[in-house]
Amino acid sequence: MTGDELSHPSAAPLAPGLYLVATPIGNLGDITLRALDVLRGVDRIACEDTRQTQKLLNHFGIATPTVSCHQHNERQRSAELIAALRSGGRIALVSDAGMPGISDPGAWLVPEAIAAGIPVIPIPGANAALSALIASGLPTGEFHFLGFLPEKAGARRTRLEQLAAEPREAAATLLFYEAPHRIADTLADLEFVWGPGLRVVAARELTKLHEEFLRGTVAEVHQALAGRDRIRGEFTLLVEAPAHTAGAAAPAGMAESISARIARLQADSGIDEKEALKRLARESGQSKSELYRELQRERARRR
């Protein structure tokens, strides 16, 4: 880079447009100088939670007005923000932590602004997924960010089975966000689908005082967390998905299909399909209705 490219343009007024500003994910020191300049220079700041953003603004002595823009009002708020931007306004969009639009508000507003011909300017900074990835020790040549897995057990396991069956020429890292009250169940599902030897990393409280990386097999990490009285902090969960060629057998440890398990129960016990579904639901901890829906999806795929 040249000296001009590295210059610090804080004295110049901001051009009109929508600024996507990354905010700290834990450590306030992770805010960038450019982000502070933008937050001071815009007309207003659209926030996932105005109370959370106000703490950041107060810490750095920034008095820019704020307005809410979260998952429940983003579509309605976008019309107001786009109108202000069309009139030459300068608006910053922030989430509570990290990059807006990454499992956070922004996915609706940004395309609307682009369609209206409004400049959209990213202001880089902290991101939990990438921070966890570079310190994980897992492959970085190919990685896939998948956000949050489904909350319901049956849907979550189905999604993981789909990911395990996807062909890939080389090992790739899958990245998920997960809540502390679901992390143990998600690790159990990973072990069920891929087997206990799957390599994973659970990154907790990134950039905060109690930052922690749990690295090892899924069985080891699951056991480590299961032994704790309480699990705290938001997690970034990384999975080394092994290579899997199209048409090859499913990865070692991958669960049987629902239909295969039901057929085995019927053959072993002489029970009908309805009773086999009930028994499988009890054994797996899934609801009967979730298992039945997955059974119907499997049958539909074979047609």
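Values for this structure:
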item	result
Footprinting exposure proxy for ARG228, ARG156, ARG77 (fewest neighbouring C-beta atoms within 10 Å first)	ARG228, ARG77, ARG156
Kirkwood hydrodynamic radius (C-alpha pairs) into Stokes-Einstein, the range 8-54, 37 °C and 0.692 mPa s, D in µm²/s	279
For the chain, alpha-carbon Rg relative to the globular expectation (2.2 N^0.38 Å, N residues)	1.21
Shape of the range 258-302, Cα gyration tensor, a/c cut at 1.5	oblate
Alpha-carbon radius of gyration plus Dmax, which is the widest Cα pair, for the range 12-157 in Å	16.1, 54
Sequence of ASP272, ASP49 once ranked by neighbouring C-beta atoms within 10 Å, starting from the fewest	ASP272, ASP49
Extreme residue, positive dipole direction of the chain, given options SER136, ALA84, VAL200 (C-beta unit charges)	ALA84
Relative contact order for the range 143-222, counting Cα pairs under 8 Å that sit 6 or more residues apart, in percent	27
Separation of alpha-carbon centers, the range 76-114 and the range 195-248, rounded to whole Å	33
Computed lengthening from ALA224 to THR207, 0.36 nm per intervening residue step minus Cα-Cα distance	4.0 nm
Relative contact order of the chain, defined on C-alpha pairs under 8 angstrom at six or more residues apart (%)	16
Euclidean distance between Cα centres, the range 153-188 to the range 119-145, Å	18
Diffusion coefficient, µm² s⁻¹, Stokes-Einstein with Kirkwood Rh over alpha-carbon pairs of the range 129-241 at 4 °C and 1.567 mPa s	93
Low-density loop positions, GluC sites (Glu not before Pro), the range 79-154 - DSSP coil, at most 11 other Cβ in 10 Å	GLU151
Which of TRP194, TRP108 has the fewest Cβ neighbours within 10 Å, and the rest in rising order	TRP108, TRP194
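Taken together, the values in this text are just the output of simple stated rules run on the coordinates, not laboratory data. Since the structure is predicted, the reported quantities are computational estimates derived from the model, not experimental observations. Reconstructed Cβ throughout: ideal geometry from the backbone, glycine too, with neighbour counts over all protein chains shown.
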